[in-house]
Amino acid sequence: MLTALSAKNKVKRRWIMVISWLVHSITPSIRQSILWMDNARDIWNTVKILTRRSAENFRVAVRNGFYKTR
């Protein structure tokens with residue numbers, strides 16, 4: 001029983017470290033969208049969606065001439 005609890009605590013600490021790394025690695029504007037999440041998978045999926053949308057918006061802006069290339 002004690003070994004199982006110890007293993008569970010190690011896993012939980014690792015997940016907390018992953019969540020902390022994700023939160024501190026993200027720009028402040030995106031960070032506001034994920035601060036309330038307590039699951040690394042949810043954070044990762046949300047970041048993927050937000051960055052995908054951002055990339056799509058950038059491509060549309062370039063296509064429409066909003067960003068000029070040199």
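The values are calculated or read from the model by the stated rules, or taken from the named source; none is laboratory data. All values derive from a computational prediction rather than experimental measurement. No Cβ is skipped: glycine too gets one built from the backbone with ideal geometry, and neighbour counts run over all protein chains shown. Keep in mind that these areas ignore ligands, DNA and RNA; they rest on the heavy atoms of the full protein, side chains included. Shrake-Rupley method; radii C 1.70, N 1.55, O 1.52, S 1.80 Å.
Quick rundown of the values:
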{"item": "Share of carbon and sulfur in the accessible heavy-atom surface of segment 18-61 [1.4 Å probe, %]", "result": "57 percent"}
{"item": "Percentage of interatomic Cα-Cα distances in the chain larger than 14 Å", "result": "68 percent"}
{"item": "Accessible area of the chain divided out per residue, in Å², using a probe of 1.4 angstrom", "result": "90 Å²"}
{"item": "Size of electric dipole in the chain: Cβ of Lys, Arg +1 and of Asp, Glu -1, about Cα centre, debye, nearest 20", "result": "240 debye"}
{"item": "Farthest toward positive dipole pole in the chain [+1 Lys/Arg, -1 Asp/Glu at C-beta], among 47, 35, 64", "result": "64"}
{"item": "Highest to lowest packing among 30-36, 9-15, scored as the average C-beta count within 10 Å", "result": "30-36, 9-15"}
{"item": "Accessible area of residue 29 in the full protein assembly, 1.4 Å probe (Å², nearest 10)", "result": "90 Å²"}
